[in-house]
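Input: a single structure, listed below in structure tokens.
The values are calculated or read from the model by the stated rules, or taken from the named source; none is laboratory data. Note that the structure is predicted; figures quoted are calculated from it, not measured. Glycine also receives a Cβ, built like all others from the backbone with ideal geometry; neighbour counts cover every protein chain displayed.
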């Protein structure tokens, strides 16, 4: 229970865990005291002041000045040069660029008059758009689009972080506007993280622009906005799993279920369904511990579906929701 | 003296560097040291990393956007430098680096004990957390990072993050209990 209380106070407990903790706290006075203690301790640490640490500003400033003097001989670059530092932030081939995540300030979300806004209030939110594109919104993030989305272009405003799987349509560019970045694509899948000003591309190619800089980012690459400069690095395979790390589904449409499963099982599932069947709701807790075979069996039990297996690929044909 | 804003600092960093640099340090050095210290709990190391932050901001002075929040920007650079530093150390977060110890309050004199309130007990207890435990707790509590983010930033499993934060809270709670017992 103490582990759950820890998750509770740090905001990481699931709804089930929260109810469990609350029920437990009501079981006895002793439990209630422990429950309250956890809340008190967490809150008190908010006002934490390091007891004995007193930084010496003057000394640091002097040291900085002496650093500058010793650098006088070298030409001080006015544009940031790429120092040769290896960063180990989980990016395998990331060398010779000292990049830092610059988190964007929380965006003020401008609502236009006939715009649709979707916010992921609790957990990760899946959205499917009229053009067939799919979006996974991180908790707390929002997207907004006009009623003329998919007319001549497909424009989305993003606040926060989302994964996009954009349906290919060369005549209608898909454009994502975020506070510091603008991303434009033809047909690809990638994460835009407004909080770190970062774009990670899983497949295809995107163009990322900041007010003063522009880059093309392709599969397996990532771009971050560092100050005013966009820098490129590589992104680890499977990074997109953030959008459903446990493979749990809460009334999720089948289109999302298959997409998320394919993320973990290497695109072995193909879904063939008639329009509305794509939206059949599916609920299940952590499928990440199941084999693909078992997962397909679970899907078979949940839907009126025909499964055709060829090699290690599964083709699901669904006619109707059950 | 005329009001000297953050924007002025940024502009001056290009035109009148020495003055602006001094102002930058006066205004933000302690704050940045604090941000870093909350994550790693080592004073000397915090000052080293803080210095690196200022050196880097100085290097980038010509491309800094004057409309950015300077404080926020410095903070983000500091957090990321600290994360880089932690990862470079390749610490094994799965190994328990200490027996479950309670910060030693008996060494305080009677006077100290009476003068102490809950807040200073908590402060001391956080200071006394085993280093890896403290880093992870700091990232969650002070930098508001999610377990997922911490696990990605440090390259460790979410389970390890859960364990360490649970451990931190256990230790902190025990310190509070000990303090309450001794008071009564």
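Structure above, values below:
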item: Checklist (1) closer than 26 Å to residue A:260 by Cβ; (2) modelled with pLDDT of 85 or more applied to residue A:205, failing item; result: (2)
item: Qualifying residue in segment A:283-291 (condition: in a helix (DSSP H, G or I) and in contact with a strand residue (DSSP E or B) (Cβ under 9 Å, 6 or more places away or on another chain)); result: yes
item: Residue that is farthest from residue A:162 (Cα to Cα), among those in segment A:197-211 that are touching a strand residue (DSSP E or B) at 6+ places or on another chain (Cβ under 8 Å) and not in a strand (DSSP E or B); result: A:204
item: The one condition in (1) modelled with pLDDT of 85 or more; (2) surrounded by 20 or more Cβ atoms within 10 Å (Cβ to Cβ); (3) facing another protein chain (nearest Cβ under 8 Å) that residue B:73 fails to fulfil; result: (1)
item: Residue A:83, sole failed condition from (1) at pLDDT below 75; (2) under 30 Å from residue B:128 (Cα atoms); result: (2)
item: Yes/no for residue B:36 being modelled with pLDDT of 85 or more, within 11 Å of chain A (Cβ to nearest Cβ), under 13 Å from residue B:135 (Cβ atoms) and surrounded by 20 or more Cβ atoms within 10 Å (Cβ to Cβ); result: yes
item: Members of segment A:184-196 found to be under 16 Å from the mean Cα position of the chain (by Cα) and assigned to a strand (DSSP E or B), listed by number; result: A:189, A:190, A:191, A:192, A:193
item: Only listed residue being at pLDDT below 75, within 9 Å of another protein chain (Cβ to nearest Cβ) and more than 22 Å from residue A:198 (Cβ to Cβ), chosen from B:46, B:62; result: B:62
item: Number of the condition not met by residue A:48 [criteria: (1) at pLDDT below 80; (2) outside any helix (DSSP H, G or I); (3) in contact with a helix residue (DSSP H, G or I) (Cβ under 8 Å, 6 or more places away or on another chain); (4) surrounded by 12 or more Cβ atoms within 10 Å (Cβ to Cβ)]; result: (1)
item: Lone qualifier among B:178, B:160 - being under 22 Å from residue B:36 (Cα atoms) and touching a helix residue (DSSP H, G or I) at 6+ places or on another chain (Cβ under 9 Å); result: B:160
item: Tally of residues being facing chain A (nearest Cβ under 10 Å) and either more than 14 Å from residue B:40 (Cβ to Cβ) or in a helix (DSSP H, G or I) (or both) across segment B:129-144; result: 5
item: Scan of segment A:218-247 for residues that are in contact (Cβ under 8 Å) with a residue 40 or more places away in the chain, within 14 Å of chain B (Cβ to nearest Cβ) and outside any strand (DSSP E or B), ordered by number; result: A:227, A:235, A:236, A:239, A:240, A:242, A:243, A:244, A:245, A:246
item: Residues within segment A:43-73 that are under 21 Å from residue B:118 (Cβ atoms) and either more than 7 Å from chain B (Cβ to nearest Cβ) or touching a residue at least 40 places away in the same chain (Cβ under 8 Å) (or both), tallied; result: 3
item: Residues located in segment B:145-179, provided they are under 17 Å from the mean Cα position of the chain (by Cα) and at pLDDT below 85; result: B:153, B:154
item: Failed item in (1) at pLDDT below 85; (2) buried (at least 22 other Cβ atoms within 10 Å of the Cβ); (3) farther than 22 Å from residue B:158 by Cα; (4) under 20 Å from the mean Cα position of the chain (by Cα), with residue A:227 passing the rest; result: (4)
